[in-house]
Amino acid sequence: MTRLNLKVNGKSHSVTADPQSMLLYVLRNDLALRGPRFGCGLGQCGACTVLIDGAQARSCVVPVSSAVGRSIVTLEGLGTLDHPHPLQKAFIQEQAAQCGYCMNGMIMTAAALLKRSPNPSDERIKQALASNLCGCGTHLRIVRAIKRAAREIA
Amino acid sequence: MNACPQSLSFSRRRFLKGTGVLVVGFSLAPLTAEMLHAAAPPVDLGMATTGNLDAWLAITRDNTATVYSGKVELGTGVKTALSQIVAEELGLPLAGVEIIQGDTERTPNQGYTAGSKTIQFGGVQLRKAAATAHQALLELAAKHFSVPSSQLVSESGVIRVKDDSSRQMTFGELIGGRRFSRTVDAHAPLKNPDDYQVVGKPLPRVDIPEIAVGKFMYVQDFRVPGMLHGRVVRPPNTGAVEINATLESIDDSAARDIAGFVQVVRKGNFVGVVAQTEWAANEAAQKLVVKWNSKPGLPDQSKLYDVLANAPADEKVLTNQGDFEAAFTRAAKSLTAEYRWPFQTHTSVGPSCAVADVRNGRATVWTASQGVYQLQGALAELLGLEPDHVHVVFVEGSGCYGHNGADDVAGDAALLSQAVGKPVRVQWTRADEHGWNPKGPAMMMRLKGGLDEKGQVAAWEYLVWTPTHVTRPGAIGQAHNLLAGQLVNRITPKGPMLGGDRNATTPYRFPNQRCVTYWIHTDNSILRPSALRGLGSFANVFANESFVDELAAAAGQDAVQFRLAHLADPRGVAVINAAAKQAGWERRARSAPKLTADGVYAGRGISYLRYENLNTYVAAIAEVVVEPKTGAVRVTRVVVAHDCGLVINPDGLRNQIEGAVIQGISRTLKEELTFNNTGITSLDWATYPIITFPEIPEVEIVLLDHPHEPALGAGEPTIAAVAAALGNAVFDATGARVRTGPLTSQRVKGVLTANAGAMSKSG
Ligand code: FES
Ligand code: FES
C-alpha cells in the first residue's frame, strides 16, 4: 500500500492504495464516484471511461500509479444537475438510456471525440463508439444525443 | 462511504404512524379476471390501518401520492409509466407521485417483473387503487361541503364545488390530520381514456438526469458502513446445469499475504474469499489455489442438437386441429425443415452485484432481483433463517433481460456475510456473469408443411424440443435455484416446464395443424436454463415465421400477401399492413438473387406475431445486404408496427421497441455461447461479441394506439419478431435459407456455397 496523490475533477486527493491496482477501483471505492462504472475490467466495454489529460481512457486497465500527476476528469467533473455539460443535457433531452449503465462510457468517449472533431458525422460517431457496448440497444438515441450536443457546442 | 439513501431507511411502521394520510391497500395476489370483476367492499372510512395490508397507495397532507410497488425498475422506464398511471387517475402532477420499489418489508408481492407484464398487471392494480383513493376523496369532499359528489369537480389535486370557486379544498386539506384506509374497490369509477392528459404522453423519464451526471445509485454503487468485499471461486464446470465437481483442497497461503485479506469461506462446494477492499478480494480470489475433482459432463458443442433431440423429454400436445397426417399426405406440395437456436446469455453491461448483512439470525440483502419475495424464500432456505427474518431490498442494476445473476449474487453475498458476521458486497466479474448466470436455452424445432393446389397451407406441424425457461427462485425448490445453493448442497436447478412453448403455436388459420412440445428434463438441459428476453418465443417465432416464408416461396406468393391470406385477426392484419405501408413493401413473389450496383445482395423480409398468442401484436420488416464473398449480413433498415392496446408513454415505448430490435439483431447475427466438455468457454465480450455501433440500422416504428383496449406488455414482444425478419430477408436477398442461429457470416457463406454446389450439379 502506498500513498498516492491524484488530481480528479480539478481537486487533489490523497489515497492509500496498491499502486498496481486499477484507477477505476480507487475512483469508485476511495473517492465514492459513481460516474465511472465497472463493466468488464478487461478494457472491452468502455463503461469505466474517464478523461486523462483530456484523452479518453479505460480506467479499469489503468494502474493507479500511472495516473499520478495527471488530470483525471470523470462524468461528475463534466457537469452537474444544475450545470450539465452539453453532452449530459443532450442525453437527457434525447432520453438516451434504458438502464443507462453504459451512459458514462458513451458521454466520456463522446467528450473526447467532440474535442478532436467538433462536428462529427453519424459514421464518425459510430466509429468512435465502436468498442463501447450497450446491452439494451440504446444506440440510435446515443448517436442522436451526441449530434445534438455537437450542434449546441458549435 | 455513501450513506443509505433516505428512502431505504424509511420504515413502514413510521410511515403508518405518521399523521394525515389516506391509504388504499390492494391485493397481493396476481390479478385474475375474477378479481377485476368482483366487488371488493370498501373498508369504512376512518378505520385505522392495520399492518396486514402490505400493498398500498398513500396520499398525504402535502398533496402527494406515494406508491409502494413490488415491481422493480429494469431499465425500461417502468417507474415513469407507473407514475403516469397514478397521476392520471388522481389528476396530480407527475412530480407529485413517488414510487418506492421492490422491498419485502414495504411493498406488495406483485410477482416477478418479467414477461413484460409490469404495465399489464401491476399497472391495472395501481390504476384501480388510485381510482379508489380518488373516490374516497370525493366522498370526503361531498361530506364536507354537504353536496352530492356529482356536484364536485376534481382538478390538479383540488376538489371544488361546481360553479362555486369559494368552496374548494386540496386533497391534503381534506385529509387533514386524519387517517383513512380503504381496500381497492374494483368498481371505483375509472377516468375515461379520452380525457387522459398524462397517460399517452411521451413524458421524460424521471431517472435519466441523475444517470447523466453520475449521481444515480445503481446496486453496484450501494455501500453500507463497515462493509467488506467478497469473491466466489467456483469449480471448472462453468455454467453446467449439473456442477459435477467435488472440492478437494484449498491452499490459501498466497492469498493470506494480500494486504486486507480477511477470511476464506467454505461450505460444501461453495468457496469464497472476503477482504477489506474490492481490489484485495480480487487478488485474493486469484491467489487462492483450489483443487477440484471435476468430471466433464457436457457434450461436444458440435453434437448439441443431436443431444437435444435425444434427451429424455415429456411430450405435450399444444394444438391438434383437423387431421394433420391426412392433409400432409394429400398435399400438392410439401416441405420439411429443422430449425435450431443456440444457448445465449444476458448482455447486462454491469455484472450483477449485491450487498448482504446477515447477523444475529437476521438478513438484509440489497440486489437488483426481479422478484424480491421469491428471493426472500430462497435466501431463507440457503441461510437457514425464517423467511420473516430475511429482508430483501431492490436496488436498480444494469439492464436485465431476464433471469441474470442478480439472485445468485445475492446468495453469494449472504453466505459470505453470514460466515464473517459483517456486511459483505459481492461484485461479480465479467466471467462470472458470462459463465454462471442462467442461460437462454438452446432449442430445436422440426416443421412440416403442406400446400394445396391453390397454394394455401393445408397442413402444418410444429415440434419443439426445449427445456424449461424458468428456474427462478420461488419457481420450485427455493435454494435449488440459487447458484450458491447448488454449490453448498450439491443440487441442481428445478423449475416447472414453462416458457419454451411460448409462440410455438402458429397464429394462422391453417385447417389441419399440430403443435407439440418435448420438454427436456431440466437435468438434461446441458447448461443451466432460465429466462432470457422473450423466452421460447425468440426461437419459436424464428422457426414459425421462417417456415411460413418457405411455404410462401414454394407457393410462388408474396410473403405479406401469403400471411394476410391465412390470418383472421383484424389487429394482426392491421400491424402487417401498417408495417408494409411504412416499409414501402412491393408485393411480388421472390425473384432470383441479383447483385446490386455495389456488388452485394439486397433483400427484405417480414415476420409477424401476436405475443404469447394473446397479447401485443408485432409485424417487423427488415432490409439487409449480404456480402457475397464473405456471407456477412448487414441490416440497413427495420420497420416495426406495434399494437399493445393503450399506450401509456409513447416515447418510453419507442425506446423499448428500438432496444428490442437492436438486441434482436445482436442475438440473431452474433450471439452464441461456446462450451467444451467441462463448461462455458465464452467468458468475455471478445468470445461472446454483441452488436456494435457501426452495425446499427435505421429503425422506424409505427405505433397503433388503442386507448380503449387494455394496455399490454411491450418489453419483449418485438424481439421475438427480429430473427425471422432477418432470416427471411437474407433468403430474399440470396436464396440461402439459414436455419441455424446465429446467422453469422460463416453460416450464411456455408449455405450460399452449398446452394451454388447444388445449382451447378443440377444445372
Ligand atoms: S469496465 Fe473498463 S472497459 Fe469494461
Ligand atoms: S442503456 Fe443499458 S447498457 Fe446501454
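Do the conditions hold for A:L24, that is, is it assigned to a helix (DSSP H, G or I) and more than 7 Å from chain B (Cβ to nearest Cβ)? Break it down stepwise before answering.
Numbers: assigned to a helix (DSSP H, G or I): yes; more than 7 Å from chain B (Cβ to nearest Cβ): yes.
Yes, satisfied.
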Result of the Cβ filter at 6 Å on segment B:286-310, keeping first residues that are touching a residue at least 24 places away in the same chain (Cβ under 8 Å) and outside the structural domain of B:E672 (by TED's automatic domain parsing) and partners that are in a helix (DSSP H, G or I) and small (G, A, S), at least 6 apart or interchain, is B:K287/B:A254; B:K287/B:A255; B:L288/B:A255
- Based on what the data block shows, is B:E453 at pLDDT 95 or above, charged (D, E, K, R) and surrounded by fewer than 24 Cβ atoms within 10 Å (Cβ to Cβ)? yes
Screening A:A96, A:A90 for residues that are surrounded by 22 or more Cβ atoms within 10 Å (Cβ to Cβ), over 21 Å from B:I719 (Cα atoms) and more than 7 Å from chain B (Cβ to nearest Cβ) leaves only A:A90
When you scan segment B:450-465, do you find a residue that is out of contact with any Gly (no Cβ under 8 Å at 6 or more places or on another chain), of a type in the set (K, R) and not assigned by TED's automatic domain parsing to the domain that holds B:V273, even just one? yes
If we keep only residues of segment A:1-28 that are open to solvent by less than 60 Å² (accessible area, probe 1.4 Å) and of a type in the set (G, A, S), then the residue nearest to A:P63 (Cα to Cα) is A:S21
Residues in segment B:218-270 that are farther than 29 Å from A:G105 by Cα and assigned to a helix (DSSP H, G or I) total 4
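Quick grid of which residues meet (1) at pLDDT 95 or above; (2) within 30 Å of B:D194 (Cα to Cα); (3) charged (D, E, K, R):
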site: B:I662; (1), (2), (3): yes, no, no
site: B:I691; (1), (2), (3): yes, no, no
site: B:E695; (1), (2), (3): yes, no, yes
site: B:E709; (1), (2), (3): no, yes, yes
site: B:V722; (1), (2), (3): yes, no, no
site: B:L726; (1), (2), (3): yes, no, no
site: B:S760; (1), (2), (3): no, no, no
For segment B:271-295 the number of residues that are part of a helix (DSSP H, G or I) and either aliphatic (A, V, I, L, M) or open to solvent by 40 Å² or more (accessible area, probe 1.4 Å) (or both) is 8
Taking segment B:219-233 and keeping residues within 7 Å of another protein chain (Cβ to nearest Cβ) and in contact with an Asp or Glu (Cβ under 9 Å, 6 or more places away or on another chain) leaves none
When B:S181 is run through (1) at pLDDT below 85; (2) assigned to a loop (DSSP other than H, G, I, E, B); (3) over 31 Å from the mean Cα position of the chain (by Cα), the failure sits at (2)
The correct count of residues that are within 17 Å of B:A552 (Cα to Cα) and hydrophobic (A, V, I, L, M, F, W, C) in segment B:450-472 is 5
Counting only residues in segment B:296-315 that are surrounded by 14 or more Cβ atoms within 10 Å (Cβ to Cβ) and in contact with a strand residue (DSSP E or B) (Cβ under 7 Å, 6 or more places away or on another chain), the one farthest from B:D452 (Cα to Cα) is identified as B:G297
The residue that is farthest from ligand 2 (Cβ to nearest atom), considering only those in segment A:118-142 that are touching a residue at least 40 places away in the same chain (Cβ under 8 Å) and open to solvent by 10 Å² or more (accessible area, probe 1.4 Å), is A:S131
Only unsatisfied item for B:E612, checking (1) within 14 Å of chain A (Cβ to nearest Cβ); (2) in a helix (DSSP H, G or I), is (1)
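Looking for whichever is within 16 Å of ligand 1 (Cβ to nearest atom), on the phi < 0 side of the Ramachandran plot and among the polar types (S, T, N, Q) here; the options are A:S65, A:S21. Which one fits?
None of the other options fit; the residue is A:S21.
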Within segment B:202-217, of all residues that are part of a loop (DSSP other than H, G, I, E, B) and surrounded by 21 or more Cβ atoms within 10 Å (Cβ to Cβ), the one nearest to the other protein chains (Cβ to nearest Cβ) is B:G214
Picked from segment B:456-487 (must be on the phi > 0 side of the Ramachandran plot and in contact (Cβ under 8 Å) with a residue 40 or more places away in the chain), the residue most open to solvent (accessible area, probe 1.4 Å) is B:Q478
In segment A:120-142, residues that are within 19 Å of A:L78 (Cα to Cα) and away from ligand 1 (no atom under 16 Å from the Cβ) total 1
Flagged pairs (Cβ under 7 angstrom, 6 or more apart or on separate chains; first in segment A:29-48, open to solvent by less than 10 Å² (accessible area, probe 1.4 Å); second more than 14 Å from ligand 1 (Cβ to nearest atom) and part of a loop (DSSP other than H, G, I, E, B)) are A:G35/B:G214
Pairing a residue in segment B:488-515 that is under 30 Å from B:A240 (Cβ atoms) with any residue that is β-branched (V, I, T) and surrounded by fewer than 20 Cβ atoms within 10 Å (Cβ to Cβ), where Cβ atoms lie under 9 Å and the two sit 6 or more apart in sequence or on different chains, gives B:R490/B:T246; B:K494/B:I476; B:G495/B:I476; B:P496/B:I476; B:A504/B:T319; B:A504/B:V516
Per the filter on segment B:728-763, residues more than 19 Å from B:V600 (Cβ to Cβ) and in contact with a strand residue (DSSP E or B) (Cβ under 6 Å, 6 or more places away or on another chain) are B:R739, B:T740, B:G741
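The values are calculated or read from the model by the stated rules, or taken from the named source; none is laboratory data. Since we're looking at a predicted model, the values are computed, not measured. So basically every Cβ, Gly included, is an ideal-geometry build from the backbone, and we count neighbours across all protein chains shown. Accessible surface is based on the protein model in full, side chains and every heavy atom, while ligands, DNA and RNA are left aside. Shrake-Rupley method; radii C 1.70, N 1.55, O 1.52, S 1.80 Å.
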